[in-house]
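Structure record follows, encoded as structure tokens.
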Amino acid sequence: MLLVSEIPGATFDSSIDPALAESLTSPISEGMTVEPTECTKLVDISAKLASVPTALAQISDQSLSASISLSKQSSLYDELTGASDGCGDVTVTADGNAVARNELEAQNLPPEAMDFLKDMDLKSTFSVHTRPWDPQLSSSPQKVTAEESYGEGTVAGVKTNVTSYRIIGIVNGVVIAVSTVPTPSADHIRMGEAGLTIENPEISQEAKDAAKARAIEIFDAQAQKVRAAK
């Protein structure tokens, strides 16, 4: 029942790596440390969401990615929508060096092949804030909750910002979760003599508005497809 090519300008692919699905369905995913500690539940919920049927799309003309997840377990709705209770403001850290080392070790590479990681700073730290927003849906789901997550921090020593929009609803007993993530304009990415650099990677208001509009469009289209399948 997942969307494929029903949305103009977006083709959804369901044959995806679970780790990629998790990173795009939620701003907080496995391998991250969350403070306060009671908000570690956000990591568990992200993993659960990524474990259900999910499809992703890259919408290049609007510099955003989108994901759809479906589940017939209606209890997932309450788990997802209740996860942010008391966790509207959290600090998230991730050790990219450790992740990269684990990935390389899994390939049975010799220790000397991983020495280059010693000089790389792949750590990231973000303050993430989650707030409700009110999408104007035409699909009239039985239940619906929408959240905007935004944050600021550093990735590998580069100051950056993150924003994502999520709509979670129930249509004909099916839980639909849609996420859209706007990305910085390519104008901020430079390839120079020192390699790839990111200059002031701000996400424009236009990109944020487009991500919201796409989230609404995708949710309504997925709701229509769920109803047509009954």
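The values are calculated or read from the model by the stated rules, or taken from the named source; none is laboratory data. From a predicted model like this one, the values you see are computed outputs, not experimental measurements. Note: ideal-geometry Cβ built from the backbone for every residue, glycine included; neighbour counts use all protein chains shown. When the accessible area is computed, the model is the full protein with side chains, heavy atoms only, and any ligands, DNA or RNA have been set aside. Shrake-Rupley method; radii C 1.70, N 1.55, O 1.52, S 1.80 Å.
Between S5 and S204, what is the label-to-label distance in nm when each label sits 7 Å out along the Cα-to-Cβ direction?
2.9
Name the residues of the range 142-165 whose amide N is less than 17 Å from a point 7 angstrom out from the Cα of E35 along the C-beta direction?
Residues passing the 17 Å test: 152-155.
Please give the contour-minus-distance gain from K72 to S60: 0.36 nm per residue of separation, less the Cα-Cα distance, rounded to one decimal in nm.
Values: separation 12, 0.36 × 12 = 4.32 nm, distance 3.08 nm.
Extending this stretch completely gives an extra 1.2 nm.
What full-extension length gain, to one decimal in nm, is calculated for V158 and A228 as 0.36 nm per residue of separation minus the Cα-Cα distance?
Value of the extension gain: 20.6 nm.
As a test of reading the structure, rank R227, R166 by solvent-accessible area (1.4 Å probe, protein chains only), most first.
Numbers: R227 85, R166 30 Å².
Result, largest first: R227, R166.
At a 1.4 Å probe radius, which order do K123, K159, K212 fall into by accessible area, largest first?
K159, K123, K212
Which of the pairs K41/K159; K48/K212; K123/K159; K48/K123; K41/K208; K48/K159 have their Cα atoms more than 19 Å apart in this structure? Could the numbers behind the result be given before it?
Values: K41/K159 26 Å; K48/K212 24 Å; K123/K159 12 Å; K48/K123 25 Å; K41/K208 27 Å; K48/K159 30 Å.
Result: K41/K159; K48/K212; K48/K123; K41/K208; K48/K159 exceed 19 Å.
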